[in-house]
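The structure appears right after this line, and notes come after that.
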Amino acid sequence: MRKLMNAFFVTAGLLFTVNIANAQQKLAHLNSAAIIEAMPEVKTARTTLEAFQKTKTADIDKMISEYQIKLKAAQDKEKTMSEANKETVGKELQTAGIELQDLEKRITDARTKAQQELEAKNAELFNPIQVKADAAIKAVSKEKGYTYVFDTANQGLVYWDGGEDITPLVKTKLGIAATATTPAPKK
C-alpha cells in the first residue's frame with residue numbers, strides 16, 4: 001500500500017511539473033490611449049462633440065441674456081415706483097419676479113439637460129471607437145498567441161520585464177501608421 005501511495009505521489013508530481021512547463025504564457029503590453037488617440041475617428045468625434053457643445057452653450061447663453069434683460073427691466077421699473085403708482089408697479093414687479101424665477105428654473109433645467117445630452121452624445125460617438133480598438137487588440141493578441149496583454153495607459157501595470165509592446169501591431173491592424181508611438185511608462 002505504501003509503495004502504491006509513493007508511486008501515486010511521484011506520478012502526480014511529474015504530471016504537475018509537465019503542466020507547469022507547458023503553461024508558459026506569452027505576455028505583452030500596449031498603450032490603449034495611444035492607439036485610440038491615433039484613430040482618425042477620434043478627431044471627427046471630438047469635432048462633432050465640440051459643435052454639439054457650442055450649440056447647447058449658445059442656447060443657454062441666449063436664455064441667460066434674456067434673464068439679464070428682464071432683470072434689468074424689473075430693476076429699472078422698481079426705481080420708478082412712487083406712492084401714486086405703487087400698486088400698479090408693485091403688481092408689474094411681482095409678475096416680473098415670477099417670470100424671472102421661471103426663467104431661472106428653465107436655465108437650470110436646460111443646463112442639466114444639456115449636460116445629460118452631452119454625456120449621451122459622448123457615449124454615442126466614442127463607444128464605437130472603443131469597441132473597434134478592443135476588437136483590434138483582441139485580434140492581434142489571438143494572432144500572436146498572447147495569454148495576457150496589459151494596458152500601460154490605465155496605470156494597472158507598474159513594472160514589467162519582458163513581453164512585447166503590441167501597440168504598433170494594433171495600430172497597423174486598425175490601418176493607422178504605427179510609427180508615432182507614445183513612450184511606455186517608466187519601469
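The values are calculated or read from the model by the stated rules, or taken from the named source; none is laboratory data. This structure is a prediction, so every number in the text was calculated from the model and none was measured. As a convention, Cβ positions derive from the backbone with ideal geometry for all residues, glycine included, and neighbour counts pool all protein chains shown. Please note that ligands, DNA and RNA were not included when accessible areas were found on the heavy atoms of the full protein model with its side chains. Shrake-Rupley method; radii C 1.70, N 1.55, O 1.52, S 1.80 Å.
Residues that are among the charged types (D, E, K, R) and at pLDDT 85 or above within the range 80-111 comprise Glu87, Lys91, Glu92, Glu99, Asp102, Glu104, Lys105, Arg106, Asp109, Arg111, listed in sequence order. The residue that is least open to solvent (accessible area, probe 1.4 Å), among those in the range 74-92 that are closer than 19 Å to Leu103 by Cα and not charged (D, E, K, R), is Ala74.
Close contacts from the range 17-36, counting a first residue that is closer than 14 Å to Phe150 by Cα and of a type in the set (S, T, N, Q) and a second that is at pLDDT 90 or above and open to solvent by less than 90 Å² (accessible area, probe 1.4 Å), with Cβ to Cβ under 9 Å and a gap of 6+ residues or different chains, come to Ser32/Gln130; Ser32/Ala133; Ser32/Asp134; Ser32/Ile137. Close Cβ contacts (under 7 Å, 6 or more residues apart or on different chains) running from residues in the range 97-125 that are assigned to a helix (DSSP H, G or I) to residues that are of a type in the set (D, E, K, R) and surrounded by 11 or more Cβ atoms within 10 Å (Cβ to Cβ) comprise Glu99/Lys70; Leu100/Lys70; Leu103/Glu66; Leu103/Lys70; Ala110/Asp59; Ala114/Lys56; Glu117/Lys56; Leu118/Lys56. Consider the range 126-141 and keep the residues that are of a type in the set (Val, Ile, Thr) and touching a residue at least 60 places away in the same chain (Cβ under 8 Å). The one that is least open to solvent (accessible area, probe 1.4 Å) is Ile129.
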